[in-house]
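Laboratory data are not the source of any read-out in this text; all were calculated from the coordinates shown. In this text, all values refer to a predicted model and were calculated from it rather than measured experimentally.
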Amino acid sequence: MKKFLLASAFLFLTSTAQAGMYVSGGIGWNFKNDSKTTDLQNISFKYDDSALLSAAVGYAFPVVRVELEGLYNKSDMKNVDSHMTTGAAFINAYARIPVVGIYAGAGAGYASVKSKKTPVYQGMLGVEYGLGFVNLGVEYRHIQSSKDIKKFNEKSELRNDALLLKMRFEF
């Protein structure tokens, strides 16, 4: 019985969300990178998996969070000496199950892909636990451009899935 009470107290204390400002950062890996570029000869080039960096500032309510986030990603092309650099800004909203620590979210914004701007959206699903004012989490996300990116003599699309390790500091 003692172990059950200790485990219950630990789960409650480590996953209780507090209202207030926060900053967060994450590092992850695009493990399913379906982004591709097609040139004038209609040859399609795919991109390698790559690292993804995230930084955000936001406000957390007990069950809902709202944030402004920036992402950076640089993917090398397969079999060609070229790459796709992506910088994005999102407005995200998350809903959280307080005691369990599971959350889901969605975001929309703009990305600069190969120096061309395009609307993008993302969906997130994760689990997060708090240790005092620091929250540690693991998050899956799907990021996609809402239209093809046309630049000079080529067309590119952004579509990838990523797994991130996140750290969020509450104030």
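Pop out the ³J(HN,Hα) list for region 61-68 in order, Karplus 6.51 cos²θ - 1.76 cosθ + 1.60 with θ = phi - 60°, rounded to Hz; leave Gly and Pro as x.
9, x, 10, 10, 10, 10, 8, 10
Quick query: amide H of Asp48 versus all other amide H atoms, modeled in the peptide plane; which residues come in under 5 Å with a sequence gap of 5 or more or a different chain?
The list, which skips near neighbours in sequence, is Asp76, Met77, Lys78.
So what are the ³J(HN,Hα) numbers for region 86-103, from phi and the Karplus equation (6.51, -1.76, 1.60; θ = phi - 60°), rounded to whole Hz, Gly and Pro as x?
After applying 6.51 cos²θ - 1.76 cosθ + 1.60, I find 10, x, 9, 10, 10, 10, 10, 9, 10, 10, 10, 8, x, 7, 6, x, 7, 9 Hz.
Pop out the ³J(HN,Hα) list for region 123-138 in order, Karplus 6.51 cos²θ - 1.76 cosθ + 1.60 with θ = phi - 60°, rounded to Hz; leave Gly and Pro as x.
3J(HN,Hα) across region 123-138, in whole Hz: x, 10, 9, x, 9, 9, 10, x, 10, x, 8, 10, 10, 10, x, 10.
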